[in-house]
Amino acid sequence: MFGFSFKPRNKGKSAQTAKERLQILLAHERGGNGSSPDYLPMLQRDILEAIKKHVHVERDAVDIRMERDDELSSLEINIELPGGRTVQSSASS
Amino acid sequence: MSKVIVVTSGKGGVGKTTSAAAISAGLAQQGHKTVVIDFDVGLRNLDMIMGCERRVVFDFINVIQGDAKLKQALIKDRRLDTLSILPTSQTRDKDALTSEGVEKVLEELREEFDYIVCDSPAGIERGAQLAMYYADEAVVVTNPEVSSVRDSDRVLGLLNSKTKRAEESGADPIKSHLLLTRYDAKRIGEGEMMNVEDVLEILAIPLLGVIPESTAVLRASNVGLPVVLDDKSRAGKAYEEAVARLTGEQIEMRIESEERPGLFQRLFGRTA
Ligand SMILES: Nc1ncnc2c1ncn2[C@@H]1O[C@H](COP(=O)(O)OP(=O)(O)OP(=O)(O)O)[C@@H](O)[C@H]1O
Ligand SMILES: [Mg+2]
């Protein structure tokens, strides 16, 4: 080759963003059987069961937030305990 | 009083999701507490158009099936604090939607939101029918093209017969609005496509707005921004005006006519 680039010279910035967003999303969707967060209802139930062994908490006391990224995904779990205390835990994978 | 608005069309790919995203963001921008729901089970796309696809944990189907509480599935928009998104499932199909489940979720949302915007799937089957069933108003998205207009007519028939408001005696019928999208002034000027008057004459419902064919729509979807928030674009402006009309404002309809051919075109004539 003669130092010639076939890369489109000015690929619109937004198209690059689109590609990156899709790559992140699809990597996660293909990873599991279909979509990754399918285990979340079960995870939520298990967390709740574990806590209930020790403290009385409401069914919707567990709040799970997720943020997916290309290298790191994080799961943030907020548990509302009676008496105004909140346990917060973050896990990354 | 909260309002349930369905964005529907019959024909696929005419701009329902683009419009549902823009309308909900536009309503939220005006300060109304708004939620937008993806009814296209199995083909989740609204989350991408809204730019919150990385934050989906639970979805509409999880809520209907009792696996999650509504507040756990609602995603708060990071740009507009009056806007929330209820994504749908990517793995399930339309059979996961039940009439009772949809009704229950909508009732719960009515307590918290002023506007509930439902992004319907294409077609006239179960998914589309459930998306429109509980609606108070409908935005019928139509392109100036024969199959789209015909399908819109079919959908208007369903809105007037197969919905709660149609079945309940004494209830006002669903208020339907026409949103003409992908309006290509150049091709219309050349007589290749029907114009606003043509479509209005056939469908005979009030016009909510005319959204031009615009590259800003693709750009907005690339980055996950409802196009109405791109206020420099013509499509964004057109959506903003449509939203204002939806909330009862009287705004003059400015439909762009064909741009005059530029010098280059005049010199070299039109190609193709
Ligand atoms: N005003 C517009 N100008 C240019 N492109 C547009 C416009 N409106 C929509 N589009 C494009 O048309 C395509 C379909 O749009 P969209 O997904 O909103 O349609 P839909 O009716 O929701 O489709 P489906 O029936 O599959 O749900 C997208 O690629 C979108 O970017
Ligand atoms: Mg759609």
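Restricting attention to segment B:80-91, does a residue exist that is hydroxyl-bearing (Ser, Thr, Tyr), more than 25 Å from B:Ala238 (Cα to Cα) and more than 16 Å from ligand 2 (Cβ to nearest atom)?
Start the filter on segment B:80-91 by keeping residues that are hydroxyl-bearing (Ser, Thr, Tyr), which leaves B:82, B:84, B:88-89, B:91.
In the following step, the residues that additionally are more than 25 Å from B:Ala238 (Cα to Cα) were identified as B:88-89, B:91.
Keeping just the survivors that are more than 16 Å from ligand 2 (Cβ to nearest atom) gives B:91.
Yes; the residues of segment B:80-91 include at least one that is hydroxyl-bearing (Ser, Thr, Tyr), more than 25 Å from B:Ala238 (Cα to Cα) and more than 16 Å from ligand 2 (Cβ to nearest atom).
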*asked:* Against the definition (more than 16 Å from ligand 1 (Cβ to nearest atom), modelled with pLDDT of 95 or more and of a type outside the set (Lys, Arg)), how does B:Leu130 come out, yes or no?
replied: no
*Complete set of residues in segment B:111-152 that are in a helix (DSSP H, G or I), within 30 Å of B:Lys71 (Cα to Cα) and in contact with a strand residue (DSSP E or B) (Cβ under 7 Å, 6 or more places away or on another chain)*: B:Ala128, B:Ala131, B:Met132
*Return the only residue of B:Asp47, B:Asp77, B:Asp59, B:Asp95 being away from ligand 1 (no atom under 12 Å from the Cβ), of a type in the set (D, E, K, R) and surrounded by fewer than 19 Cβ atoms within 10 Å (Cβ to Cβ).*
B:Asp95
*Being outside any loop (DSSP other than H, G, I, E, B), without any contact (Cβ under 8 Å) to a residue 60 or more places away in the chain and of a type in the set (Asp, Glu) is the filter here, so list the residues in segment B:42-95 that pass it.*
B:Asp47, B:Asp95
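Any chance you could count how many residues in segment B:158-173 are of a type in the set (D, E, K, R) and in a loop (DSSP other than H, G, I, E, B)? Steps first, answer last, please.
Let us first name the residues in segment B:158-173 that are of a type in the set (D, E, K, R), namely B:162, B:164-165, B:167-168, B:172.
Among the residues that remain, those that are also in a loop (DSSP other than H, G, I, E, B) are: B:162, B:168, B:172.
Count: 3.
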*Give me the pairs, please: first residue somewhere in segment B:136-149 and within 14 Å of chain A (Cβ to nearest Cβ), second residue anywhere and modelled with pLDDT of 95 or more and within 16 Å of ligand 2 (Cβ to nearest atom), beta-carbon distance under 6 Å, and either six or more positions apart or on two chains.*
none
_Show the residue pairs meeting these rules: Cβ distance below 8 Å; 6+ apart or different chains; first residue within segment A:49-65 and over 16 Å from A:Gln88 (Cβ atoms) and charged (D, E, K, R); second residue modelled with pLDDT of 85 or more and in a helix (DSSP H, G or I)._
A:Arg59/A:Leu48; A:Asp60/B:Lys71; A:Asp60/B:Gln72
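Touching a residue at least 40 places away in the same chain (Cβ under 8 Å) and away from ligand 2 (no atom under 13 Å from the Cβ): is that true of B:Val14 in this structure?
Spelling it out, it is not the case that B:Val14 is touching a residue at least 40 places away in the same chain (Cβ under 8 Å) and away from ligand 2 (no atom under 13 Å from the Cβ).
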*asked:* Please pick out the residue among B:Asp67, B:Asp59, B:Asp77, B:Asp40 that is of a type in the set (Asp, Glu), within 14 Å of ligand 2 (Cβ to nearest atom) and in contact with a helix residue (DSSP H, G or I) (Cβ under 9 Å, 6 or more places away or on another chain).
replied: B:Asp40
*What are the pairs, 6+ residues apart or on separate chains, where a residue within segment B:204-225 that is assigned to a loop (DSSP other than H, G, I, E, B) has its Cβ under 7 Å from a residue that is of a type in the set (Gly, Ala, Ser)?*
B:Ile205/B:Ser176; B:Ser214/B:Ser233; B:Ser214/B:Ala235; B:Gly224/B:Gly51; B:Leu225/B:Gly51
*Out of (1) touching a residue at least 24 places away in the same chain (Cβ under 8 Å); (2) within 11 Å of chain A (Cβ to nearest Cβ); (3) under 25 Å from A:Ser14 (Cα atoms), what's the single condition that is false for B:Ile23?*
(2)
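The values are calculated or read from the model by the stated rules, or taken from the named source; none is laboratory data. Since the model is a prediction, treat every value here as computed from it, not as a measurement. Ideal geometry is used to build each Cβ from the backbone, glycine not excepted, and the neighbour counts take in all protein chains shown.
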